[in-house]
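Novice: Dropping the structure in here first, questions after.
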Amino acid sequence: MFIRALSVRDFRSWEHAELELSPGRTVLLGANGNGKTNLLEAVGYLATLGSHRVSADAPLIRMGATQAAIGATVVNAGRELRVDVELKQGAANRAQVNRSPVRRSREILGILQTVLFAPEDLALVRGDPGERRRFLDELCTARLPRLAGVRADYDKVLRQRSALLKTAGRQVRSRSDLSTLDVWDGHLAEHASVLLTQRLRLVHDLYPYLAEAYRSIAPESRPAAIAYRSGYLPPDLLDPARAPEPDDVDQVREIVLRELAAARGRELDRGVCLVGPHRDDLELLLGSAPAKGFASHGESWSFALALRLASFELLRNTGAEPVLLLDDVFAELDRRRRTALAEVAAGAEQVLITAAVAEDVPAELAAAPLRVQTEGDADRRTSRIVAEDMHSQP
């Protein structure tokens, strides 16, 4: 899988850009703030319908514009597909496949797959559980695009059920309140069981790739492992060595329903939903200790990198090879980590790399350079691309 062409309009600092790309490595060079990361962000958005830098779409639209557009021609096993997304201020986004509108933007998911490694990934190790849940769900959706609909349905039910809990908790709890909660419990358990089953399957499948990736990066360190952490699922289901079973989704649904019933009194008192995948976490372990709070800075970087390399290898070995996006990370890594990342990148079908200077990029990856520059004042800077030799001076 590779991107043959990329276009952006009124996206971040880019008023307009059209890039012809090819398999292999493309290096975007430019000082911080010139807009090179914005192009990788645009590519990542087409793959996930989200940004790795912000949670909302509004900051992605160029200042002064009312909408932004991203498009790419993706080649997968010799077949070309054009995918386009329009981001609108105050309105629903729109998407097209081969210039034909699709009913929901999420229908484009799966056309382009990417794995992005960026400085923000340190939050996977040191940040809140929400960062790791997002990592799990995006990787699950890359493997099973229809899961995007399940995630959307779960979030909708969760909001509605939470609103009912707050209302019922403030009022006298009538039979109608409780019967309505029974209905929402069923809906929540239905969507939660699918999402949880896919997360557990992913942890099982990712586990060996993560252990090997971390061992290659930091052989002198304690072994790395991952486990799914949940306060309501039984230990046998949470064991990452356990192979998934066909009836897991039914078993998980019954567990969630039972736990929702047991937690109802506490939920009504607090007005929040206490059971479900929105409460869970991905546990990162070094030896027997949690990486968060115990890992050194170098170990944290190694774990974050290992998670991304493991994701890349998992996707490559179970489907189409994803496009590898490396955003200003080589300057953050020591020699061993740079070497491990460069070895994987050298064998990838397509890699898009950003760096401040050419010297930050390992020599074996220094190919197809493009320099990114900006014009205008600080309030309205416009990015543009200037092709040049990789080893010319900035």
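The values are calculated or read from the model by the stated rules, or taken from the named source; none is laboratory data. Owing to the predicted nature of the structure, the values given are computational and were not obtained by experimental measurement. Here the Cβ is made from the backbone with ideal geometry for all residues, glycine too, and neighbour counts use every protein chain on show. The protein model used for the area step is the full one, side chains on, heavy atoms only, and it has no ligands, DNA or RNA in it. Shrake-Rupley method; radii C 1.70, N 1.55, O 1.52, S 1.80 Å.
Novice: Quote the charge dipole size of the stretch 32-101 about the Cα centre in Debye, to the nearest 20; the model charges only the Cβ of Lys and Arg (+1) and of Asp and Glu (-1).
Specialist: 60
Novice: Related question: Just flag the GluC sites (Glu not before Pro) in the stretch 288-368 sitting in loop per DSSP whose Cβ has no more than 12 other Cβ atoms within 10 Å.
Specialist: Answer by residue number: there is no such site.
Novice: Quick one: among 210, 314, 238, which has the greatest mean-square fluctuation in a GNM of the chain with alpha-carbon springs under 10 angstrom?
Specialist: 238
Novice: Let a ≥ b ≥ c be the square roots of the eigenvalues of the Cα gyration tensor of the stretch 27-136; is it rounded (a/c under 1.5), or, if not, prolate (a/b larger than b/c) or oblate?
Specialist: rounded
Novice: Taking only Cα atoms, what is the 0 to 90° angle, nearest 10, from helix 36-48's long axis to the longest principal axis of the chain?
Specialist: 40
Novice: Turning to a different aspect of this structure: Mind checking the angle between helix 335-346 and the chain's longest principal axis? C-alpha axes, 0 to 90 degrees, to the nearest 10.
Specialist: That works out to roughly 90 degrees.
Novice: Here's another thing I want to ask about it. Tally Lys/Arg at +1 and Asp/Glu at -1 over every other residue whose Cβ is under 12 Å from the Cβ of residue 72; what's the total?
Specialist: Its environment carries a net charge of -2.
Novice: Of the options 22, 309, 96, report the single residue whose Cα projects farthest towards the positive end of the charge dipole of the chain (beta-carbon charges: Lys, Arg +1; Asp, Glu -1).
Specialist: 96
Novice: Here's another thing I want to ask about it. Could you tell me how many degrees, from 0 to 90 and to the nearest 10, lie between the Cα long axis of helix 147-170 and the main elongation axis, the longest principal axis, of the Cα atoms of the chain?
Specialist: 50
Novice: Another question, then. Could you give the distance between the Cα centres of the stretch 199-238 and the stretch 4-45, to the whole Å?
Specialist: If you average the Cα positions of each part, the centres end up 33 Å apart.
Novice: Which value in nm describes the separation of the simple spin-label points at residue 98 and residue 250, placed 7 Å from the Cα toward the beta carbon?
Specialist: Rounded to a tenth, the inter-label distance reads 3.9 nm.
Novice: While we're on this one: Using a probe of 1.4 angstrom, how much of the accessible area of the stretch 122-216 is carbon and sulfur, in percent?
Specialist: 51
Novice: Separate question: With every protein chain left in place, what is the accessible area per residue of the stretch 205-314 in square angstrom, probe 1.4 Å?
Specialist: 43
Novice: Are there any GluC sites (Glu not before Pro) in the stretch 206-274 that are in a DSSP loop and have at most 12 other Cβ atoms within 10 Å? List them by number.
Specialist: 220
Novice: Can you pull the percent of the stretch 239-394's accessible area that's carbon plus sulfur, 1.4 Å probe, other chains left in place?
Specialist: Carbon plus sulfur share of accessible area: 48 percent.
Novice: Over the stretch 53-195, give the accessible area per residue in Å² for a 1.4 Å probe, as an integer.
Specialist: In whole numbers, the stretch 53-195 has 49 Å² accessible per residue.
Novice: Let me ask something additional. Roughly speaking, to the nearest percent, how much of the stretch 7-67's 1.4 Å accessible area is carbon and sulfur?
Specialist: 48
Novice: Could you work out the relative contact order of the stretch 1-113, using alpha carbon pairs under 8 angstrom and six or more residues apart, expressed as a whole percent?
Specialist: 26
Novice: So I have (1) 22.4, 75; (2) 30.6, 109; (3) 22.8, 85, and one of them is Rg and Dmax of the Cα atoms in Å calculated from this model. Which one is it?
Specialist: Recomputing Rg and Dmax of the Cα atoms in Å here picks out (1).
Novice: For residue 11, enumerate residues with amide H under 5 Å from its amide H, sequence gap 5+ or separate chain, H modeled in the peptide plane.
Specialist: The answer is 62, 69.
Novice: Classify the stretch 214-286 as rounded, prolate or oblate, taking a ≥ b ≥ c as the square roots of the eigenvalues of its Cα gyration tensor: rounded when a/c is under 1.5, otherwise prolate if a/b is larger than b/c and oblate if not.
Specialist: oblate
Novice: If packing is taken as the mean number of other Cβ atoms within 10 Å per residue, what is the order of 103-109, 86-92, 53-59, 276-282, highest first?
Specialist: By packing density, highest mean first, the sequence is 276-282, 103-109, 86-92, 53-59.
Novice: Another question, if that's okay. Cβ under 14 Å from residue 108's Cβ, residue 108 left aside: what net charge do those residues give with Lys, Arg +1 and Asp, Glu -1?
Specialist: That sum, taken over residues with Cβ under 14 Å, equals +4.
Novice: Under the classification rounded if a/c is under 1.5, otherwise prolate if a/b is larger than b/c and oblate if not, where does the stretch 283-394 fall, given a ≥ b ≥ c as square roots of the Cα gyration tensor eigenvalues?
Specialist: prolate
Novice: I'd like the chymotrypsin sites (Phe, Trp or Tyr not before Pro) in the stretch 271-356 restricted to DSSP loop residues with at most 13 other Cβ atoms within 10 Å, sorted by number.
Specialist: none
Novice: Kindly provide the helix-only [θ] at 222 nm of the chain, computed as the sum of -39,500 (n - 2.57) over DSSP H runs of four or more divided by all residues, to the nearest 500 deg cm²/dmol?
Specialist: -14000 deg cm²/dmol
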